[in-house]
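Below: the structure, in structure tokens.
The values are calculated or read from the model by the stated rules, or taken from the named source; none is laboratory data. Remember, predicted model here, so these are calculated numbers, not experimental data. We place every Cβ from the backbone using ideal geometry, glycine too, and count neighbours over all the protein chains shown. Accessible surface is based on the protein model in full, side chains and every heavy atom, while ligands, DNA and RNA are left aside. Shrake-Rupley method; radii C 1.70, N 1.55, O 1.52, S 1.80 Å.
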Amino acid sequence: MTKRARAMLSQMDRATRSWFLPVIGRDKGRFIARLIDKHRPKRAVEIGSLIGYSAIVIAGNLPPGGRLVSIELNTYMGRITGRNVAAAGLKSRVRVIVGDARRVLPFLGSRFDFALIDAAKEEYLEYLRALEPRLAKGAWVVADNTKIFKSQLKDYLAYVRRSGRYESREQDFDQDAMEVSRFVGA
Ligand SMILES: C[S@@+](CC[C@H](N)C(=O)[O-])C[C@H]1O[C@@H](n2cnc3c(N)ncnc32)[C@H](O)[C@@H]1O
């Protein structure tokens, strides 16, 4: 990750200490950076951009030529994400799409080998099912907030753990967790 992108994340870390914003934050960000560094995905998608924190983490760690599609429902947040991504020097790597991910995902042309799901908790399974036809075999799908929203995510967790389409495990972060699932095929 470049110095400029790191500086942007530090600035956002400071801002989110004063105003609560539900971004993935440092520890989960480091975990995602390590996962990307290890598996070197090239086509990433995220559902839920907010201010672009996780977009900068993902895009900033992709290997050369890597691209991220970041989908955000809220027009204003989509604009902020675009601005922050540009300030981090990552504009050429990130395409921000404003819209409901459930409607946007079926129209995306790429095949993705990395996905972060971090939007409306009760919709996670719908996002995943819309995304699935676009997932490359071996793709990594990370779902945020699986401890604090465990009951809302029951159907999602049952699906990734028992459908036979994923190898899935929980990554614990004390107060919260992420579900890390590898797509093994339909
Ligand atoms: C928890 S925040 C995302 C935080 C971001 N991933 C980060 O860590 O920097 C959730 C975002 O999902 C967006 N959202 C909610 N429902 C959505 C949907 N159906 N499609 C796309 N975005 C959605 C919200 O507007 C909000 O900005």
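The table for this structure:
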read-out	value
Accessible surface, the range 3-183, averaged per residue in Å² (probe 1.4 Å)	50
Excluding exposed DSSP-loop chymotrypsin sites (Phe, Trp or Tyr not before Pro) (at most 12 other C-beta within 10 Å), longest clean stretch of the chain	21-186
Neighbourhood net charge (10 Å Cβ-Cβ; Lys/Arg +1, Asp/Glu -1) for A44	+2
Using distinct alpha-carbon pairs, which all enter the 1/r mean, Kirkwood radius of the chain in Å	16.2
Spin-label pair S10/K150, simplified geometry with 7 Å Cα→Cβ offset, distance in nm	3.7
Magnitude of the charge dipole, the range 1-141, Cβ model with Lys/Arg +1 and Asp/Glu -1, debye to 20	640
Inter-label distance, nm, simple model (7 Å from Cα along the C-beta direction), A186/R67	2.3
Cβ-based charge dipole, the chain, positive-most Cα from P106, V94, P63	P63
Gaussian network model of the chain, springs between alpha carbon atoms under 10 Å - residue of K91, K38, K28 with greatest fluctuation	K38
Within the accessible area of the range 3-183 (1.4 Å probe), percent carbon and sulfur	49
Too-long pairs where the Cα-Cα distance tops 25 Å, listed order kept, from K38/K150; K28/K150; K38/K154; K28/K121; K28/K91	K38/K150; K38/K154
Estimated FRET transfer efficiency (R169, D100; beta-carbon r; R0 30 Å; 0.05)	0.55
Estimated inter-spin distance, A33 and S110, nm [label 7 Å along Cα→Cβ]	2.1
